[in-house]
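See structure below.
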Amino acid sequence: MSRKDEDTKATEATVAEERIQTGRRGFLGAAGLVIGAGVVSTLPGCGPKPADSTPTPPATPTPTPEPAGGGAHASNEVPPGQLDTYYGLWSGGQSGEIRIVGVPSMRELKRIPVFNRDSATGWGRDDFSKQLLGNRESGDTHHVHPSYHGGTYDGRFIFVNDKAGGRVARVRCDTMECDHIVTVPFGHGTHGIFPQRHHTGLVFCNSEFQAPLPIPGTNPQDPHTYSALHTAIDGETMELKWQVLVDGNMDLCATDYEGKYSFATCYNSERGAHLADMMAAEKDFLYVFNLARITAAVAAGTDVIRLGDSPVPVVDARNANSPYVLRIPVPKSPHGVNVSPDGKYAIALGKLSPTASIVEIAKLDAAFAGTIQPIACIVAEPELGLGPLHTAFDGRGNAYTSIFIDSVICKWNIAKAIAAHTDDTIDPIVQKIDVHYQVGHTNASMSETKDADGKWLIALCKFSKDRFLNVGPLHPENDQLIDISGERMVLMHDGPTYPEPHDCVMVERSIINPIKMMTRNGPRFDMYEAWAREDGITLLTDTRVIRKSDTSVRVYMTSRAPSFALTEFNVKQGDSVQIIVTNQDSVEDLTHGFCMTHHDVNFVVNPQDTRSMTFVADRPGMFWYYCPWFCHALHLEMRGRMFVEARA
Ligand code: CUK
Ligand code: CUA
């Protein structure tokens, strides 16, 4: 039996079993409140909220198990000697990192530490990353988005949010290393982010949590006085440009293709602090930010306020009739918002409603001008299933929506959904395919660009239950690969992931061209070069121990397989010791590192790279340092001794 047949059989068996055990599709019916709340209580923080006692959404059609062979791909196997077609860029969730996964093989190729401490590379401990991170060593990355030019990826940068610390980071695509981290002023729960798509202009991010901000009338105890911020960061310089002050939690973010608008789904427009309050109103909003008006207001100082001592201009748009933000009513507690590759539609998803709200972007100017009502921008509301979260596209007019509660991906046709709005004989649903289990984000190859190519879809499932060997109570996530090249979706592969990526994008491989040898530029090298100038050192050639003060020492050393240029040095107990290592080798993949035993010092130094770390030599004695990366037949001999002299 082929792998696909096995998958299909497993799918059928699981579906049949679940129907018998729980009547899964109907569980929001009679038992909805109880089971719904039970399921929801186990959800990650950004999943859907439990159903309340409002009328049950109508049941959706039962998906039919899929026969194999609908797609054009025979296999997702990438044999030795061949390379994957896409760079898959995965957020790392609570790990605080970004991951690179080859698609379609689903092999994890690399982890890029960003907000976390990483013992393999020294990130989070080395001097540069400590400068970016301060004393923080954790984060929660949900959304990764590469920079754009002309509606498609330009292969320069990757932007990622940190929900836990209210930060946004940038990774360079040439080195695949983080070079900037920005803390969003008053960015409580920085969640949805999205760059502009016409060029590397602004990167927008939403603070999901409303909070008491330093403005008149705020009472820290009263959530009805809280507000939130939509923030614009310059993608080139990573400078904070402006913020817009609104009420309501903002969740996911998106941009149009022309640079006129940014979008945010807004839930909890009630401004409640507790679950029941947050779900009281029947409607929440899709916020549309008018970038021309906001930029003009910032330039003229109109409606601009300052928050505390933050230098970033803030446009106050809390008034429901504010000219800066259009509030389009959508069913309560929306989550995802995605813009179709033709740039025509922004699709907001219900979470608690089984529907999608399709907003026609061409109508937004009229709504901003007041000639039509905001709600008139909604041109269709197709019913997709229970708990729709996120939508991907194939560039052929179809959309693929992840349905959390139903555990399916729903393929539907956008044009048919719009036609069905006025003709209920039309069914826009093309197919539903079971995924395993409880899918969060879904994304397709190049889906968020004008070049969406409709080859592969990833379902990022929050639960894996029985799909893998039991590894204890903390199960891996299950990312599933689905072939969408044909009319029918076909499930191809299960890929376990460490907790807990939320989103991924797949970038065609020719767009991203990482370097193999360090090019020695950017803020990290600016820092080393400044020290070297101060000390009269040439990093690539010089090895020297410099006492900087009575209690601090700088050690410059080069390395070339299989030895360090310095095999011993002396310091005094209590000295702050800064080790700066430059790898002189210019052979591809010839990586060295530096580990000072018993001092929590361990970092990587790639070919032609320099890296540094600072520690305190707190105990007298002799300590070996060694190269921790296997670099040569005599790699184990690549080491030296630090002598720490006791202070009287
Ligand atoms: S959110 Cu996690 S499934 Cu943070 Cu993008 Cu929707
Ligand atoms: Cu250098 Cu091992």
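The values are calculated or read from the model by the stated rules, or taken from the named source; none is laboratory data. Quantities reported herein were computed from a predicted structural model and do not represent experimental measurements. Neighbour counts run over all protein chains shown; Cβ positions are idealised from the backbone, glycine included. For accessibility, only protein heavy atoms count, side chains too; no ligands or nucleic acids. Shrake-Rupley method; radii C 1.70, N 1.55, O 1.52, S 1.80 Å.
Brief remarks follow.
- Nearest-0.05 FRET efficiency for A530 and R396, computed from C-beta distance (R0 45 Å): 0.30
- Extension reserve of the S119-D154 stretch, reckoned as 0.36 nm per residue once the Cα distance is removed: 9.5 nm
- Label reach from K516 (point 7 Å along Cα→C-beta): in region 592-622, amide nitrogens under 16 Å belong to 606-609.
- Two-site label geometry, H635 and Q373: point separation in nm, points 7 Å out along Cα→Cβ: 6.9 nm
- The angle between the Cα long axis of helix 291-300 and the main principal axis of the chain comes to about 60°, on a 0 to 90 degree scale.
- log10 of Debye I(q)/I(0), alpha-carbon scatterers only, for region 352-490 at 0.12, 0.16, 0.18 Å⁻¹: -0.53, -0.85, -1.01
- Compactness check for region 523-645: Cα Rg over 2.2 N^0.38 Å is 0.99.
- Acute angle (nearest 10 degrees) that the helix 3-22 long axis makes with the longest principal axis of the chain, alpha-carbon atoms: 60 degrees
- Available extension along the chain between A276 and E487 is 71.8 nm, counting 0.36 nm per residue and deducting the alpha carbon span.
- Using C-alpha pairs below 8 Å separated by at least 6 residues, the relative contact order for the chain is 11 percent.
- Extension gain for D365 to K450 (0.36 nm times residue separation, less C-alpha to C-alpha distance): 28.4 nm.
- Based on Cα contacts under 8 Å between residues 6+ apart, region 551-640 shows a relative contact order of 32 percent.
- Dipole check for the chain: with +1 at the C-beta of Lys and Arg, -1 at the C-beta of Asp and Glu, and the Cα centre as origin, the magnitude is about 840 Debye.
- Reachable lysines from K130, criterion Cα separation under 30 angstrom, eight or more residues apart if same chain: K110, K163, K241, K516, K548, K572
- Taking only protein heavy atoms and a 1.4 Å probe, the accessible area of the chain is 54% carbon and sulfur.
- The simple Förster model, with R0 at 45 Å and r as the Cβ-Cβ distance, assigns F643 and Y498 a FRET efficiency of 0.65.
- Here r is the Cβ-Cβ distance between Q221 and A299 and R0 is 45 Å; the resulting FRET efficiency, rounded to 0.05, is 0.75.
- Range of Cα positions in the chain per principal axis (Å), largest first: 85, 68, 45
- Residue-normalised accessible area of the chain, given per residue in Å² at a 1.4 Å probe: 38 Å²
- Distance from the C-alpha centroid of region 553-624 to that of region 383-422: 54 Å, rounded to the whole angstrom.
- In nm, spacing of pseudo-spin labels at R544 and N570 (7 Å Cα→C-beta vector): 2.0 nm
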